[in-house]
Every structure is written in structure tokens, then in C-alpha cells.
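The values are calculated or read from the model by the stated rules, or taken from the named source; none is laboratory data. Worth saying up front: this structure is predicted, and the values here are computed from it rather than measured. When we count neighbours, we look across all protein chains shown, and the Cβ atoms used for this are built from the backbone with ideal geometry, even at glycine.
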Amino acid sequence: MNASERAAEVLGSSFDNWRIERHAKLGSTSDEARRRAQAGDPGQLWITAAEQTAGRGRQGRVWRSPPGNLYASALIIDPCETEVAPQIGFVAGVALRRAVADLGGDDFALKWPNDLVHDGAKVAGLLVEGVPAPNGRLAAIVGFGVNLASSPEGLAYPTNCLDRIIGRSMAPIALLDRLGRRFDEALATWARGAGFATIRADWLASAAGIGGPIRVADPRGAREGVFAGLDARGRLLLEMGDKTEIVESADLTLMSLSPRLGDPSPPPGPSTKAYPHER
């Protein structure tokens, strides 16, 4: 897409200190954010599309992106030191749940690492990536996919959409407005990692399956136990009898909700680090 084509498709707007670009159609909002980062964009940018033709989730899976849902990615430059960047997934999850609550969505929970679920069904997912930007800087791209008007069928786990749950239609831009403000607020609380304890506490207060039976699967194999919480870095605590295992990234099944819930994390690509907080 050249500059003139982009200008024809984009409606520019902003709130607070963020810019917003609204596209009719993109391959992927996160891919567009990556291109901007590598071209030297200063960040504080939201990119949203009414439709994606190449949306993606974990392990390169297709993220179905029909019109009517929210597809948006936030680009942040140098948000923190690299070692604490995975915490941004928790910041984003807390912000998303608060935004949905602002619009009348009750009883939503966060599934580790950061899906938004309702009664065991996935309503939204996050994809957090670290991308090298010019001059050795870190770009964080936070992709949000929220089922508003429709949800995919035939997947290995149950899904639902926000309009059906709250009983009224919602425009994607209405949710983006609340999400953008809540994300900015949560980033300020997080304070480049200094305030992660507060974010972690808020996330745990809304955690799906906390204290219940879970199954985790990673290259080491599958294990079952109790979801005992998160450690100070946001890693899952799996309690198995008198032993507690720290799990950094895994396929998580909440056995008390649905045996089909769970979605593995993607391996990082050669120039993109995929943090374990993904849609």
C-alpha cells in the first residue's frame, strides 16, 4: 500500500496523547504496526481495521476477521526494559476487561495468559509482540481481537460475542474509545514495570479458574494441578500436591469450565518476539 492509498483509506483521529488510524481493510493491524515501528514511527499509535484479510493468532493460525468486530493494535516505543516487556500482556488484559465493564459487560474473566472469557467461552484475545525498532529501540505491539457482532464456530474451544452477551449492538469504535483510555490508564499505573504488583492484583481479581483444576501443556509434556495464582513476574503457579511449579508459557486448559479451552503460544519468529500473552 503506498502513501496515497493509505491516506484514502484512513480516517485520522486521536484521544489524549495517542493517535488513531482507522482503516477499512488491512491484512493485519499488528503487521501494519510492525511496519510503522521499523520505519521509525514514534509510537503512541492505535491502528484499527474494519476487516482483516490476514489476521493471525497463535502458531500462525488464522484469526477470522469479518466486519463488525474490533481489530486493533497499539504501538508503543521503548515502553520498558526488555526483560519486563511480557508484563504488557497483563496491562492490556486488565484494560480490556475494564473497558468492557464500562460498556455494561459484567462477569467477564481473564484467562491466563490473557484471553477474555465469559462463562467459559472466549470473547477476545491478545497478541503481544516485541519488535526491534531503529537505533536499537524496542517496539511493543499489542493486538486486540474482540468478538463484538460475531464469533467463530468450529474451533477447538467455545466462543461468544459481546453483543450477544450484553444484549445490544456495539460499534467497534465505541469499544476502542473505552479501551484506548483504559489502556493508557493501566500503562500509567504499571509505570514501566514499577507498578506491576498493582496490575497483577487487578488481573488476579478477575482471573478465570483461580484455585481450580487446570491442565498445562508445553514441550515438557502435560501436567494437571491447581491454578494457585501468579508469581511476582506474572508466571503461572501450578500446584501439584506438595509441589508448586512455575510455568512461564504453556497451553492452558481450565478444566472446571471446559475441556476444550486452551490455545498454545506461538514460537518467536526471526525478527519478532511473541510474548506469552496472545489471542
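Considering only region 244-265, I want to know if a residue exists there that is outside the structural domain of Gly136 (by TED's automatic domain parsing), surrounded by fewer than 15 Cβ atoms within 10 Å (Cβ to Cβ), out of contact with any strand residue (DSSP E or B) (no Cβ under 9 Å at 6 or more places or on another chain) and modelled with pLDDT under 95. Looking through region 244-265, none of the residues is outside the structural domain of Gly136 (by TED's automatic domain parsing), surrounded by fewer than 15 Cβ atoms within 10 Å (Cβ to Cβ), out of contact with any strand residue (DSSP E or B) (no Cβ under 9 Å at 6 or more places or on another chain) and modelled with pLDDT under 95. Residues considered: Gln38, Gln59. Of these, the only one that is within 30 Å of Ala250 (Cα to Cα) and modelled with pLDDT of 95 or more is Gln38. Regarding Asp184, is this residue among the acidic types (Asp, Glu), over 30 Å from Ala50 (Cα atoms) and in contact (Cβ under 8 Å) with a residue 12 or more places away in the chain? The answer is no for Asp184. Exactly one residue out of Phe144, Phe108 is farther than 27 Å from Asn17 by Cα, aromatic (Phe, Trp, Tyr) and touching a residue at least 12 places away in the same chain (Cβ under 8 Å), and it is Phe108.
Taking (1) among the hydroxyl-bearing types (Ser, Thr, Tyr); (2) more than 14 Å from Arg97 (Cα to Cα); (3) under 18 Å from the mean Cα position of the chain (by Cα) in turn, Ser206 satisfies each apart from (2). Do the conditions hold for Arg233, that is, is it at pLDDT 95 or above and of a type in the set (Lys, Arg)? Judged against the criteria, Arg233 is not a match.
Taking region 201-210 as the range and being assigned to a helix (DSSP H, G or I) and either crowded, with 21+ Cβ neighbours inside 10 Å or β-branched (Val, Ile, Thr) (or both) as the test, only Trp203 passes.
This table checks each residue for (1) surrounded by fewer than 16 Cβ atoms within 10 Å (Cβ to Cβ); (2) over 21 Å from Ala85 (Cβ atoms); (3) over 18 Å from the mean Cα position of the chain (by Cα); (4) among the charged types (D, E, K, R).
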{"residue": "Trp190", "(1), (2), (3), (4)": "no, no, no, no"}
{"residue": "Gly195", "(1), (2), (3), (4)": "no, no, yes, no"}
{"residue": "Ile199", "(1), (2), (3), (4)": "no, no, no, no"}
{"residue": "Gly212", "(1), (2), (3), (4)": "yes, yes, yes, no"}
{"residue": "Arg215", "(1), (2), (3), (4)": "no, yes, yes, yes"}
{"residue": "Asp218", "(1), (2), (3), (4)": "yes, no, yes, yes"}
{"residue": "Ala228", "(1), (2), (3), (4)": "no, yes, yes, no"}
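Taking the conditions (1) assigned to a loop (DSSP other than H, G, I, E, B); (2) at pLDDT below 95 in turn, Ala217 satisfies each one other than (1). The set of residues from region 244-257 being in a strand (DSSP E or B), in contact (Cβ under 8 Å) with a residue 24 or more places away in the chain and over 18 Å from Leu116 (Cα atoms) comprises just one member, Val247.
Would you please name the residue that is modelled with the lowest pLDDT, looking only at residues in region 144-194 that are assigned to a loop (DSSP other than H, G, I, E, B) and of a type in the set (D, E, K, R)?
If we filter region 144-194 for residues that are assigned to a loop (DSSP other than H, G, I, E, B), which is where we start, we get 147-158, 160-161, 167-171, 194.
From what is left, the residues that are of a type in the set (D, E, K, R) are 153, 168.
On the way: Glu153: 82, Arg168: 95.
Taking the candidates together, the pick is Glu153.
Of the residues that make up region 233-240, is at least one assigned by TED's automatic domain parsing to the domain that holds Cys80, touching a Ser or Thr at 6+ places or on another chain (Cβ under 7 Å), farther than 14 Å from Asn114 by Cβ and not small (Gly, Ala, Ser)? First the steps, then the outcome.
The first filter runs over region 233-240 and keeps only residues assigned by TED's automatic domain parsing to the domain that holds Cys80, leaving none.
Checked region 233-240: no residue is assigned by TED's automatic domain parsing to the domain that holds Cys80, touching a Ser or Thr at 6+ places or on another chain (Cβ under 7 Å), farther than 14 Å from Asn114 by Cβ and not small (Gly, Ala, Ser).
When the residues of region 158-169 are narrowed to those that are over 14 Å from Phe144 (Cβ atoms) and not β-branched (Val, Ile, Thr), which ends up surrounded by the fewest Cβ atoms within 10 Å (Cβ to Cβ)? It would help to see each step written out before you state the result.
So in region 158-169, the residues over 14 Å from Phe144 (Cβ atoms) come out as 158-161, 163-169.
With not β-branched (Val, Ile, Thr) added as a condition, the list becomes 158, 160-161, 163-164, 167-169.
Details: Pro158: 17, Asn160: 16, Cys161: 21, Asp163: 17, Arg164: 16, Gly167: 7, Arg168: 10, Ser169: 11.
Applying the filter and picking the extreme gives Gly167.
Among residues belonging to region 86-115 that are touching a Pro at 6+ places or on another chain (Cβ under 7 Å) and in a helix (DSSP H, G or I), point out the one that is surrounded by the most Cβ atoms within 10 Å (Cβ to Cβ). If we take residues in region 86-115 being touching a Pro at 6+ places or on another chain (Cβ under 7 Å) and in a helix (DSSP H, G or I), then Ile88 is surrounded by the most Cβ atoms within 10 Å (Cβ to Cβ).
Among the residues making up region 230-243, those that are outside any strand (DSSP E or B) and either loosely packed, with under 15 Cβ neighbours inside 10 Å or in contact with a Gly (Cβ under 9 Å, 6 or more places away or on another chain) (or both) are Asp231, Ala232, Arg233, Gly234, Gly241, Asp242.
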